[in-house]
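Let me begin by presenting the structure, written as structure tokens, before commenting on it.
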Amino acid sequence: METVLSSKTKTVVISPDRPFVIIGERINPTGRKKLAEELANGDFSRVRSDALAQVEAGAAILDVNAGVPGGDEPEIMRQAVQMVMDTVDLPLSIDSANPDALEAGLALYQGKALINSTTGEDEALERVLPLAKKYGAAVIALCNDERGPVQDPQVRLDIAKKIVARAADHGVPIEDLLFDPLVMTVGADSNAGRVTLATMQLLRAELGVNLTAGASNVSFGLPDRPALNAAFMAMAMNSGLNSAITNPLEPAVLTAILAADLFLGHDEYGRMWIKGFRKREKAKAAAAA
Ligand code: THG
């Protein structure tokens with residue numbers, strides 16, 4: 001199964017047979033006070049620099065979240081999407097729980113975007129699926145519903161099945177759905193990682209769908225987050241995760257992704273691994289000089 005996203009001139013394919021796709025997470029004011037302030041004041045310069053840095057580090061898609069507390073989210077989304085489009089040429093993931101903000105981004109975006117996201121709740125599906133159809137976008141589908149996150153992989157699979165059926169009713173094909181198994185911090189529930197990994201395996205085995213996840217969520221509230229995020233990423237990739245919303249500027253995470261791609265047979269002759277190694281050596285030399 002191939003999930004295809006595009007920008008003006010670039011196409012990105014997410015598939016179990018291809019290298020992992022990094023969706024850069026940093027254009028998101030949640031937990032970034034400075035960025036939140038700047039966005040509220042109409043300063044989008046950090047959106048530009050974060051876009052450039054993440055693409056240079058290896059992101060193939062960029063997530064754009066404009067959720068500033070008390071801010072005009074549709075307007076901030078519009079300006080952020082415009083800034084990213086003016087800066088880099090790659091597909092975007094328009095990240096909001098607010099349908100007006102989703103539509104503000106989609107209406108302006110040139111290409112096949114990713115809508116982030118719908119849940120399995122009827123209300124969310126009836127709002128988001130028509131937007132996907134109208135703009136020809138793909139959709140991230142979270143495996144939760146009105147019950148909130150349930151710590152049971154079978155329940156999460158059943159929600160995914162419902163979303164597949166509902167999407168078909170709206171003319172949105174299964175390959176335009178990226179399922180998010182729900183990543184929550186192991187800091188709050190030590191079983192959260194296990195449940196998420198089992199959900200990934202079930203979704204792949206039962207539905208054959210492509211997957212994505214907010215992978216950095218796994219370590220919220222714990223020390224040494226990069227080490228946890230990197231280890232989780234390698235385990236998740238072995239469970240079928242083939243894209244993630246994560247931070248490619250974090251060397252431990254990026255290295256884990258490249259290593260796992262190599263071990264999973266997605267890096268012929270280790271070309272990407274060797275290229276990554278050379279890039280790190282060059283950066284080290286530049287830092288020492
Ligand atoms: N699923 C889907 N979309 C998502 C999430 C998900 N979007 C948002 C989020 N979860 C994924 N994105 C992030 C972005 C940042 C962080 C975690 C997940 C993060 N930020 C640091 C913090 O808050 O401490 C701050 C980073 C900084 O200062 O630069 O951890 O699950 N579909």
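The values are calculated or read from the model by the stated rules, or taken from the named source; none is laboratory data. As the structure is a computational prediction, the values presented were derived from the model and not from experiment. Here Cβ is always computed from backbone atoms with ideal geometry, including for glycine, and neighbour counts include all displayed protein chains. Just so you know, the surface numbers come from the protein's heavy atoms only, side chains and all, with ligands and any DNA or RNA stripped out. Shrake-Rupley method; radii C 1.70, N 1.55, O 1.52, S 1.80 Å.
What to note about this one:
- Accessible area, probe 1.4 Å, largest first, for residues 48, 204: 48, 204
- Protection-proxy order for peptides 131-138, 110-117, 184-191, each taking the mean of Cβ atoms within 10 Å per residue, highest first: 110-117, 131-138, 184-191
- Neighbours of residue 37 by Cβ distance under 13 Å: Lys/Arg scored +1, Asp/Glu scored -1, total +2.
- For the chain, the fraction of 1.4 Å probe accessible surface lying on carbon and sulfur atoms is 54 percent.
- For residue 210, the residues whose amide H sits under 5 Å from its own are 179, ignoring neighbours fewer than 5 places away on the same chain, with H placed 1.01 Å from N.
- Summed residue charge, Cβ within 13 Å of residue 111's Cβ, Lys/Arg positive, Asp/Glu negative: +2
- Alpha-carbon centroids, segment 98-154 and segment 237-258: separation in whole Å: 23 Å
- Annotation: residue 2 carries an accessible surface of approximately 90 Å², with a 1.4 Å probe and no ligand, DNA or RNA atoms counted.
- Only Lys, Arg (+1) and Asp, Glu (-1) charged, at Cβ; the chain dipole about Cα centre in debye: 1000 debye
- Sequence-ordered 3J(HN,Hα) estimates for segment 157-171 from the Karplus curve with 6.51, -1.76 and 1.60 and θ = phi - 60° stand at 5, 4, 5, 4, 4, 4, 5, 4, 5, 5, 5, 4, 4, 8, x Hz, glycine and proline given as x.
- Segment 1-149 - Rg and Dmax from Cα coordinates, angstrom: 14.8, 44
- Hydrodynamic radius (Kirkwood) for the chain, which is based on Cα pairs only, to one decimal in Å: 19.2 Å
- Here the relative contact order of segment 205-256, from alpha carbon pairs under 8 Å that lie six or more residues apart, stands at 46 percent.
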